[in-house]
1. Which residue pairs have Cβ atoms under 9 Å apart, sit 6 or more places apart or on different chains, and have a first residue in region 6-19 that is modelled with pLDDT of 95 or more and a second that is surrounded by 24 or more Cβ atoms within 10 Å (Cβ to Cβ) and charged (D, E, K, R)?
2. Of the residues that make up region 25-33, is at least one loosely packed, with under 15 Cβ neighbours inside 10 Å, of a type in the set (A, V, I, L, M, F, W, C) and modelled with pLDDT under 95?
3. Would you mind stating whether Ile43 is in contact with a Phe, Trp or Tyr (Cβ under 9 Å, 6 or more places away or on another chain) and not charged (D, E, K, R)?
4. Please work out which one of (1) closer than 21 Å to Ile15 by Cα; (2) without any contact (Cβ under 8 Å) to a residue 60 or more places away in the chain is the condition Leu52 fails and give its number.
Amino acid sequence: MSKESLEWLNANTLIGFTEKRGTAWHYRASMQGEEPNHYPGPIPVDDVKRRLFGWEALSSPVYVEDPRGGLAQVPGRQAILRSDNGHVMGIFSDGYEPHPYVEWLINTISRLLDADLSIGSTGLLKGGAVAWVSVEVPENVITPEGVEFRPHLFGATSFDGSLATTFKRAVTNIVCDNCENHGVPPRIRSDPCDNWPWCPDSDLSTWSEVVLAVLRPTGRVPIGALELLTQ
């Protein structure tokens, strides 16, 4: 089912467009407190920032216990932890540059949102070390053969090194870690040009055209020297 608890999924995921697809499998009204995590329509951007991304990923030195007494700092290493609860999400070299969720998954995608594009689901996993945001069209798509589905573009990134910053087209409803893993298999990428749209060739003047093309049943869309694979 999921590596996350029902309590976590109900408190740390937001599910939209329930009028079109119903509730997520993990929906439990009794675990959501005063503010439900399901929305009949699109999820407001401000709600995502307030409810899920209202904290920062901070860099902290790493220390180990010195057998002679006290603590010794580990050279060339840093820990990335949450500013709100101190949870350590990952340990990296000093050269690691985290991709803040608001900047990479909200601000960037927000430039795309208009009457035809809205946030359909978003969430935190692994104590906040992994996050995703899914952008969808407001209406279901029906093929000439009568098959009905909801194409969407989702972005995901991590603070534990398990997932590179990735944007991909899919038709799976992203509502938990199993769905997110199906869409973007966890992996570590060392080449910055694998982390689209990190490379300078992927400027935002291209984004709107790319997203609209990605949400159609096409094969692949070039972005400068890069290509967004859509299979």
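1. Here the result reads none, with nothing in region 6-19 linked to a residue that is surrounded by 24 or more Cβ atoms within 10 Å (Cβ to Cβ) and charged (D, E, K, R).
2. yes
3. The answer is yes for Ile43.
4. Result: Leu52 passes all but (2).
The values are calculated or read from the model by the stated rules, or taken from the named source; none is laboratory data. From a predicted model like this one, the values you see are computed outputs, not experimental measurements. Don't worry about glycine lacking a Cβ; one is built from the backbone with ideal geometry, like all the others, and counts go over all protein chains shown.
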